[in-house]
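The following block contains the structure, expressed as structure tokens.
Just so you know, all these numbers are worked out from the coordinates, no wet-lab data involved. The model shown is predicted, which means the values in this text are computed figures rather than measured ones. Here the Cβ is made from the backbone with ideal geometry for all residues, glycine too, and neighbour counts use every protein chain on show.
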Amino acid sequence: MYRFIKLSCALVVAALAFVQCTKDLDEVYVGESQSASAAKIINSSRSAVLGTLLVEFEEGAALAFESGTRSAGVTRSNIEPLNDVLLDIDAISIERVFPVDVRNEEATRRAGLHCWYIVHFDKNISLDKVAKALAEIGEIKTIEFDRQIATLNHPCREGGEQAPLQSGDTRLSSPMFNDPLAGNQWDFHNEGKLYNDKGVAGMDINVREAWKYTTGDPSIIVAVIDQGVDYTHEDLKANMWVNVAERDGQPGVDDDKNGYVDDIHGYNFVDDGPISWDKDVVAEKDVQGNVSYGDIGHGTHIAGTIAAVNNNGIGICGIAGGDKSEGNGVKIMSTQIFSGRSPKNATSSVVAKAFKYAADNGAVLSNNSWGSPPSPDQNDAWFKDVKSLEYKAICEYFKSSRDENLTGGVAIFAAGNNGDFLEKNGFEQVDYPGAYTDFVSVTSFGIDGDKASYSNFGGGANIAAPGGNIMRGGTTAQILSTMTPNLYVDEKGVIRDSKYDWEQGTSMACPHVTGVAALGLAYAKKIGKKLTADEFISKLLVSVNDQDSYLSEKYRGKMGTGRIDAFKFLMNIEGITCIPVTRGARCIIDVNKYMGDGNTNIKLLKLNISSADMKSLGMSSEPQYLESNAFSVRCKNTGSAIVTVEMIAGGNTQGTANSVGGKVFTKKFALVVRDNFASNGGWL
Amino acid sequence: MKLTKIFLAILAIFAISCVSESGTTEVPNGGGSTDTTKWEEEGSIVGVWELIKLNGSTKAKPRIYMSLNEDGSFDLYQQADKIYWVYYSGRFSFENNLLKGSYSDGVEWSSEYTVSFATEPTRIRLVSNKEKSIYTAVDEIPQWIVDEARQPEVETTISATRSVAVERFL
């Protein structure tokens with residue numbers, strides 16, 4: 001508890017610092033007319049990486065610069081004013097942010113990402129001065145300080161002894177797989193029997209039902225954008241993504257010419273080298289008593305929830321971990337953006353590179369258990385304007401990622417662990433980037449279904465998943481998953497020495513949704529279904545069970561649409577649900593009844609039907625929206641038509657550029673009008 | 001001569017429009033598409049069928065598999081107003097191209113259906129109260145659907161779609 005409070009304080013400081021940073025930018029420029037050159041600098045230098053700047057060149061200028069560097073060395077270009085500045089700042093290097101990937105260079109150029117460069121120079125020279133000098137150069141379009149844009153959603157750990165792991169699934173009925181520790185995974189299957197009677201049956205992701213249809217697909221790659229994943233772990237290695245060209249190629253050589261060397265299971269973008277998971281493993285406390293952590297097995301824990309190998313007689317189960325037949329689990333790509341306590345953790349350039357790498361190397365789903373603590377200054381317009389490089393990489397480039405069955409990358413984020421702080425300050429919002437309208441933000445509940453105390457909630461929250469809550473049920477009421485053994489030492493000197501361990505946080509809730517998304521994509525492949533990213537996310541957000549009934553009243557309607565249900569997602573992938581309507585009668589349609597378990601937290605907006613279909617069905621007026629969150633229709637003719645329902649997930653109002661709110665999405669139904677229906681629901 | 005050609009053209013068009021629905025070309029349905037399938041009155045109703053078109057649409061329809069068995073029993077698997085599959089069974093009769101039946105819980109089918117047949121591929125068309133459904137013959141109902149289909153829920157409250165005129169649509 002003490003450590004949790006300390007961590008919360010550290011996060012408060014970070015949040016205030018972040019807010020303060022935004023205000024500093026205003027203070028610098030308010031009161032003076034903002035020159036065109038000054039407008040190129042899009043963020044503040046506070047806490048930015050020293051001796052580093054990100055620069056976007058105009059399209060034509062970038063091309064000239066590239067030809068210059070080939071012959072004249074890295075610190076010279078064809079742009080003389082630039083050369084003067086580089087000389088003044090003792091430039092060490094200037095190179096593309098995104099190394100050339102020969103397979104994807106054309107796409108990179110179409111996205112304009114080839115115009116972004118990173119300049120390294122003497123760390124003792126003021127960042128602001130260098131930025132201003134570069135801003136005077138006409139060929140430069142944008143300047144961004146390389147700042148940390150996010151922190152890890154650190155698990156809210158309780159110190160002390162680790163809880164013993166209980167082998168055998170003897171406490172649960174009808175185990176599906178032979179993984180000995182699966183009985184500890186209440187998040188997958190909760191019979192309500194455990195954990196000091198705090199457990200509520202059904203508070204899980206209903207994955208056992210889903211596994212009857214599919215357990216994964218090896219062609220699906222999930223990018224874990226996080227600390228490095230221990231790809232040697234006994235219960236992960238069979239489901240790690242393998243870059244075959246690099247594995248079978250020469251060490252030290254970029255065998256596949258994707259711009260990275262020896263990237264066999266992913267890449268470490270912080271240290272620009274091999275994936276690691278064992279740096280700065282001893283927690284440190286500063287003079288103010290704030291604790292900072294290095295590598296804590298965060299990425300490894302997340303990877304296990306998504307795709308630990310099923311039915312291998314070892315460890316735990318993974319949502320999309322396959323069933324050991326022909327290695328059919330989804331594959332984990334480790335795209336590392338955190339490394340120990342590096343000052344380059346999750347900077348703009350590191351995050352941008354990770355997302356681009358994921359897209360270029362086949363990942364169409366990404367798990368992101370990190371974010372920046374919420375503050376009133378944050379909204380979609382702010383995210384888009386200020387964070388230009390990462391916006392382009394995530395919202396444009398990764399979003400264009402393609403899979404045979406899913407067109408468009410899907411980025412899933414943790415909501416954040418500042419819940420207690422937010423509540424005390426009357427501010428309800430989730431972390432960015434997760435709060436951004438295009439992304440899915442995941443809140444957390446415990447074994448009893450209630451909101452975990454640490455979980456962010458409110459504006460931007462889209463869906464809920466198990467993340468554990470030690471306050472309700474003790475240590476084993478957290479989430480059990482794979483862990484890097486022997487490498488984490490907390491501030492009390494306790495060594496976490498296990499290949500499996502419990503953690504809690506929205507960091508742990510997030511991979512449940514990512515794992516379900518991967519399972520759903522596997523099912524889409526199985527049945528030959530093709531979806532756009534918007535369709536996929538829409539189906540995901542309605543594949544839920546009632547949450548509000550289990551929440552304390554103050555959290556109702558603020559955790560997203562409901563609790564993720566893997567089985568329902570597969571069924572929603574399968575097809576369109578019909579809404580039956582009796583001809584001639586005024587029918588009231590409660591759309592909620594056709595989604596989830598009938599108690600989704602969804603606000604209806606509109607029921608869209610084409611004018612041609614309205615005519616065909618003999619509708620003299622459009623569907624009428626009712627106060628009771630339903631629609632009213634009257635059809636004079638029999639027939640059927642596809643209708644589209646617009647809804648809001650996560651709140652009663654739609655998010656805008658300037659205010660964080662719910663995500664608007666659509667779902668199709670088949671409106672079927674008949675003279676009568678069998679009284680038992682039978683079709684004939 | 002010109003007038004004669006026009007007259008003959010009009011006669012030809014009129015002749016096509018007047019062709020009886022049974023046994024020859026189908027008239028365009030409400031969905032706007034023109035189906036040129038040749039539907040016959042003769043054929044076998046026994047078999048396993050999958051719904052492929054409802055009122056001319058291949059998309060605005062539920063998922064339906066039904067097995068009409070030799071002994072007069074039927075098995076129906078539907079994914080209609082639920083996201084999961086539901087199983088029904090019962091008995092049917094087929095006489096003078098009229099298909100009707102009742103469920104094992106005693107509930108009568110909502111309609112009687114006039115049936116016609118087509119080949120290459122083998123299909124049946126069920127028509128009732130202006131609703132047209134086309135089913136194609138399949139080898140079997142997918143086993144995973146058979147394994148996972150649920151029993152119908154017993155509704156004790158007013159259903160999701162309530163009409164003012166009737167209490168329950170089911």
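Measure out, as a whole number of angstrom, how far apart the alpha-carbon centroids of segment A:382-417 and segment A:314-350 sit.
The distance from the Cα centre of segment A:382-417 to that of segment A:314-350 comes to 18 Å.
Once the Cα gyration tensor of segment A:269-329 is diagonalised, what are the square roots of 5 times its eigenvalues, in whole Å and ordered largest first, as equivalent ellipsoid semi-axes?
Working through the eigenvalues yields semi-axes of 33, 14, 8 Å.
Plugging the Kirkwood radius over Cα pairs into Stokes-Einstein for segment A:533-599, at a temperature of 20 °C and a viscosity of 1.002 mPa s, what D comes out in µm²/s?
160
Per residue, how big is the convex hull around the C-alpha atoms of segment A:195-267? Give it to me in cubic angstrom, could you?
Once divided by residue count, the hull of segment A:195-267 is 153 Å³.
Here is a follow-up. Among A:L86, A:L626, which comes first, then next, by fewest other beta-carbon atoms within 10 Å?
Ordered by Cβ neighbours within 10 Å, fewest first: A:L626, A:L86.
Non-local amide H neighbours of A:L406 (under 5 Å, H modeled in plane, Pro and chain starts lacking H): which ones?
Amide H neighbours of A:L406: A:L531.
If the only charges are +1 at each Lys and Arg Cβ and -1 at each Asp and Glu Cβ, what is the size of the charge dipole of chain A around the Cα centre, to the nearest 20 debye?
2300
Given the C-alpha centroids of segment A:91-151 and segment A:502-526, what is the distance between them in whole angstrom?
With segment A:91-151 and segment A:502-526 each reduced to a Cα centre, they are spaced 34 Å.
From the alpha carbon gyration tensor of chain A, can you work out the equivalent ellipsoid semi-axes (sqrt of 5 times each eigenvalue) and give them in Å, largest to smallest?
Equivalent-ellipsoid dimensions as semi-axes: 41, 31, 25 Å.
Within segment B:115-150, list the trypsin sites (Lys or Arg not before Pro) lying in a DSSP loop whose Cβ has at most 16 other Cβ atoms in a 10 Å radius.
Sites meeting the loop and neighbour criteria: B:K130.
Using +1 at the C-beta of Lys and Arg and -1 at the C-beta of Asp and Glu, which of A:T653, A:S628, A:S679 has the Cα lying farthest in the positive direction of the dipole of segment A:623-684?
A:S679
A follow-up question, please. Please turn the phi angles of segment A:457-471 into ³J(HN,Hα) values with the Karplus equation 6.51 cos²θ - 1.76 cosθ + 1.60 (θ = phi - 60°), one per residue in order, whole Hz, x for glycine and proline.
Result, ordered by residue: 7, x, x, x, 6, 10, 7, 10, 8, x, x, x, 8, 5, 5 Hz.
Scan segment A:393-430 for GluC sites (Glu not before Pro) in coil per DSSP, keeping those whose Cβ has at most 12 other Cβ atoms within 10 Å, and list them by number.
A:E404
Another one. Pick out, in residue order, every one of the trypsin sites (Lys or Arg not before Pro) in segment A:411-503 that is DSSP loop and has at most 14 other C-beta atoms within 10 Å; say none if there are none.
Counting only loop positions with at most 14 other Cβ atoms within 10 Å, the trypsin sites (Lys or Arg not before Pro) in segment A:411-503 are A:K492.
Taking the Cβ of each residue in B:T136, A:T506, A:T582 as the centre, tally the other Cβ atoms inside 10 Å and list the residues starting with the fewest.
So the ranking, lowest neighbour count to highest, is B:T136, A:T582, A:T506.
Moving to a separate point now. Taking the beta-carbon count within 10 Å as an exposure proxy, list B:L54, A:L236, A:L50 from fewest neighbours to most.
A:L50, B:L54, A:L236
Additional query: About its Cα centre, how strong a charge dipole does segment A:374-523 have in debye, to the nearest 20, once Lys and Arg get +1 and Asp and Glu get -1 at the Cβ?
Dipole about the Cα centre, nearest 20: 180 debye.
Please compute the Kirkwood hydrodynamic radius of segment A:593-675 from all pairs of different C-alpha atoms, in Å with one decimal.
13.9
Another question about this same structure. So what's the angle, to the nearest 10 degrees on a 0 to 90 scale, between helix A:506-527 and the longest Cα principal axis of chain A?
Roughly 70 degrees between the two axes.
Tell me the volume per residue, in Å³, of the convex hull enclosing the alpha carbons of segment A:225-355.
That works out to 120 Å³ per residue.
Further, regarding this structure: Where the Cα atoms of segment A:526-657 are projected onto their three principal axes, how long is each span, largest first, in whole Å?
44, 40, 32
Suppose every K and R has +1 on its Cβ and every D and E has -1 on its Cβ; what is the size of the dipole of segment A:436-562 about the Cα centre, in Debye to the nearest 20?
It works out to roughly 400 debye.
On to the next question. Could you work out how far helix A:2-29 tilts from the main Cα principal axis of chain A, as a 0 to 90 degree angle to the nearest 10?
Long axis of A:2-29 versus the principal axis of chain A: about 60 degrees.
Work out from phi, with θ = phi - 60° and the Karplus expression 6.51 cos²θ - 1.76 cosθ + 1.60, the ³J(HN,Hα) of each residue of segment A:81-91, listed in order in whole Hz, and give x for Gly and Pro.
Once rounded to whole Hz, the list reads x, 5, 4, 4, 5, 4, 5, 5, 9, 6, 4.
Further, regarding this structure: For chain A, find the longest principal axis of its Cα atoms and tell me its angle to the long axis of helix A:348-360, 0 to 90°, nearest 10.
Taking Cα atoms only, the helix is inclined about 60 degrees.
In addition: Report relative contact order for chain A in percent, whole number only (criteria: Cα-Cα under 8 Å, sequence separation at least 6).
For chain A, the relative contact order is 13 percent.
Turning to a different aspect of this structure: Could you work out the per residue convex hull volume over the alpha carbons of segment A:339-482, in cubic angstrom?
Here the figure is 141 Å³ per residue.
If you take the alpha carbon radius of gyration of segment B:71-148 and divide it by 2.2 N^0.38 Å, what ratio comes out, to two decimals?
My calculation over the Cα atoms of segment B:71-148 gives 1.17.
On to the next question. Could you point to the residue in A:I479, A:F383, A:A461 farthest towards the positive end of chain A's charge dipole, with +1 and -1 charges on the Cβ of Lys/Arg and Asp/Glu respectively?
A:A461
Looking at segment A:448-575, I'd like the Rg to Rh ratio, where Rg is from alpha-carbon atoms and Rh is Kirkwood's inverse mean 1/r.
Value, to two decimals: 1.04.
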